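**Q** Below you'll find the structure I mean.
The values are calculated or read from the model by the stated rules, or taken from the named source; none is laboratory data. Keep in mind that what you see is a predicted model, and the values were worked out from it rather than measured. Cβ: placed from backbone, ideal geometry, glycine included. Neighbour counts: every protein chain shown.
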């Protein structure tokens with residue numbers, strides 16, 4: 001598979017996963033807004049718990065799509081590759097990596 005084909009496949013699957021997770025989260029929030037005072041019969045959890053989960057699912061879908069975008073910052077690259085040094089003012093927890 002060529003590089004262009006890999007990019008198309010990557011973005012297609014990332015977009016589909018983000019869409020399905022995000023739409024599920026929005027549906028959970030809408031269900032909560034329709035009946036905020038109730039209990040899920042099988043699990044016996046209050047409905048507000050599923051509203052909170054729905055919000056986090058929608059935010060997670062956004063984060064998964066945004067995290068996939070390219071970022072051209074040398075300091076972020078150094079952080080992710082573990083090449084930061086203590087004398088550059090970074091956290092000492094990253095020095096041994």
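**Q** Could you list, in sequence order, the residues of segment 29-42 that are modelled with pLDDT of 80 or more and over 18 Å from residue 57 (Cα atoms)?
**A** Matches in segment 29-42: 34, 42.
**Q** Something else: Within segment 14-44, track down each residue that is out of contact with any strand residue (DSSP E or B) (no Cβ under 9 Å at 6 or more places or on another chain), surrounded by 13 or more Cβ atoms within 10 Å (Cβ to Cβ) and more than 12 Å from residue 64 (Cα to Cα).
**A** Those that are out of contact with any strand residue (DSSP E or B) (no Cβ under 9 Å at 6 or more places or on another chain), surrounded by 13 or more Cβ atoms within 10 Å (Cβ to Cβ) and more than 12 Å from residue 64 (Cα to Cα): 23, 24, 25, 26, 27, 28, 29, 31, 32.
**Q** List, please: which pairs have Cβ atoms under 6 Å, are six or more places apart or on different chains, and start with a residue in segment 1-17 that is in contact (Cβ under 8 Å) with a residue 12 or more places away in the chain and at negative phi and end with one that is surrounded by 11 or more Cβ atoms within 10 Å (Cβ to Cβ) and in a loop (DSSP other than H, G, I, E, B)?
**A** 14/68
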